[in-house]
Amino acid sequence: MHTSRSILNGLTPELQSEVQDVAERLRHVPPRLRKIAQYIWYVPKEIAKKIDLSEATVRTYINDLYHQLGLKDNRKTYHLDRTIIVALAMMVYMSKYDE
């Protein structure tokens, strides 16, 4: 299992802070959305197969997840794509809370 520190190595301090903030916000999202976050690097069709939901439901959950994590608009300037931010944040979350 990676530690939070090893996951964040190589990121700028600003990006480290952004990922850690999102990881903390993951504590407050419903479990169904955290499940989506665990598979966020897959396309919605693959996530749907992995967790037995419709692709439309997965897309809705992804949008809900981004909204609840404060990553509402991908056109907003992020230092990394919001999908990568969520994937890194989920790894930090899992290393802290061992889910």
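Some points to look at:
- Heavy-atom accessible area per residue - the range 1-60, 1.4 Å, Å²: 64 Å²
- Only lysines eight or more places from K35 in sequence, or on another chain, were considered; those with a Cα closer than 18 Å are K45, K49, K50, K96.
- Candidates E46, E55, E14, ranked by Gaussian network fluctuation over the chain, Cα under 10 Å, top entry: E14
- S95 - accessible surface, heavy atoms, 1.4 Å probe, Å² rounded to 10: 30 Å²
- Each label was represented as a point 7 Å from its Cα along the Cα-to-Cβ direction; for Y42 and Q68 these points are 1.9 nm apart.
- Each of the peptides 81-93, 26-38 was scored by the mean count of other Cβ atoms within 10 Å over its residues; in descending order, highest first, they stand as 81-93, 26-38.
- Computing FRET efficiency as 1/(1 + (r/R0)^6) for R5 and R59, where r is the C-beta to C-beta distance and R0 is 35 Å, gives about 0.55.
The values are calculated or read from the model by the stated rules, or taken from the named source; none is laboratory data. Computed from a prediction, not measured in an experiment: that's the story for all the values here. Quick reminder, even Gly has a Cβ in these numbers, built from the backbone with ideal geometry, and neighbours come from all protein chains shown. Ligands, DNA and RNA are excluded from the accessible area calculation, which covers all protein heavy atoms including side chains. Shrake-Rupley method; radii C 1.70, N 1.55, O 1.52, S 1.80 Å.
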